[in-house]
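The values are calculated or read from the model by the stated rules, or taken from the named source; none is laboratory data. This structure is a prediction, so every number in the text was calculated from the model and none was measured. Ideal geometry is used to build each Cβ from the backbone, glycine not excepted, and the neighbour counts take in all protein chains shown.
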Amino acid sequence: MRARMGWMVWLWMGLGAACGPSSEVDKDASEGGTEGTSDETEAPEDSAGDRDDGDDGDADSEPGPEADQPTVVVLDATCSVYVSGDTRVVWSVEGTASDPQGADTLMTVVSDGLVASLDGTEVVRSALSCSVVDLSEAYCTGTFGQWDDATTCDGAASVAVWMEVEDEDGNRAVSDPVAGRAE
């Protein structure tokens, strides 16, 4: 585009010199002055009428809030029955998380970061704890008790469990749910 622009300026200046200047502005332009040439020195317009400032970066490709989102993956959600005086059911969940700014920017405790649902209805929200393994990954765990009077893990496969992690900037990410399993 700039080569074409230069050729057009050369042609214009050549024709102007051949025909002779018709005004002071044209005379200055043909003598290398700056008056009358401001249009040639401005950046060309694109089809939307915007000036091209030479920056080849596309505004749509700039990282947005989703680029700052942490990620989390639930590895396992197990249901166990403990019998020591009273019989009780305890769920243990493990996963990993990362953040583009580093795993050390993840909150170490998310008070409502562990979620379980049964038949599409949320039944539990519990605390999730994450500890940094290295700058690229954190190990996250949490436990919660049975939400009803059940004393077995017979329906563990019908429970969906997921994690929600948060970074220090308030960006929150939700894992895909996994089906629970009886241990």
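Select, from VAL74, VAL83, the only residue that is exposed (fewer than 12 other Cβ atoms within 10 Å of the Cβ), modelled with pLDDT under 95 and assigned by TED's automatic domain parsing to the domain that holds VAL165. Steps first, answer last, please.
Working: VAL74 fails: exposed (fewer than 12 other Cβ atoms within 10 Å of the Cβ).
Matching residue, one of VAL74, VAL83: VAL83.
So, in the stretch 131-165, how many residues would count as being part of a strand (DSSP E or B) and either out of contact with any strand residue (DSSP E or B) (no Cβ under 9 Å at 6 or more places or on another chain) or more than 18 Å from ALA116 (Cα to Cα) (or both)?
Here the count works out to 7.
Is it fair to say GLU94 is farther than 12 Å from ALA77 by Cβ and of a type outside the set (Gly, Ala, Ser)? Break it down into steps so the answer makes sense when it comes.
Working: farther than 12 Å from ALA77 by Cβ: no; of a type outside the set (Gly, Ala, Ser): yes.
Spelling it out, it is not the case that GLU94 is farther than 12 Å from ALA77 by Cβ and of a type outside the set (Gly, Ala, Ser).
Would you mention how many residues in the stretch 166-183 are over 13 Å from ASP99 (Cα atoms), among the charged types (D, E, K, R) and in a loop (DSSP other than H, G, I, E, B)?
Residues that pass the stated criteria total 2.
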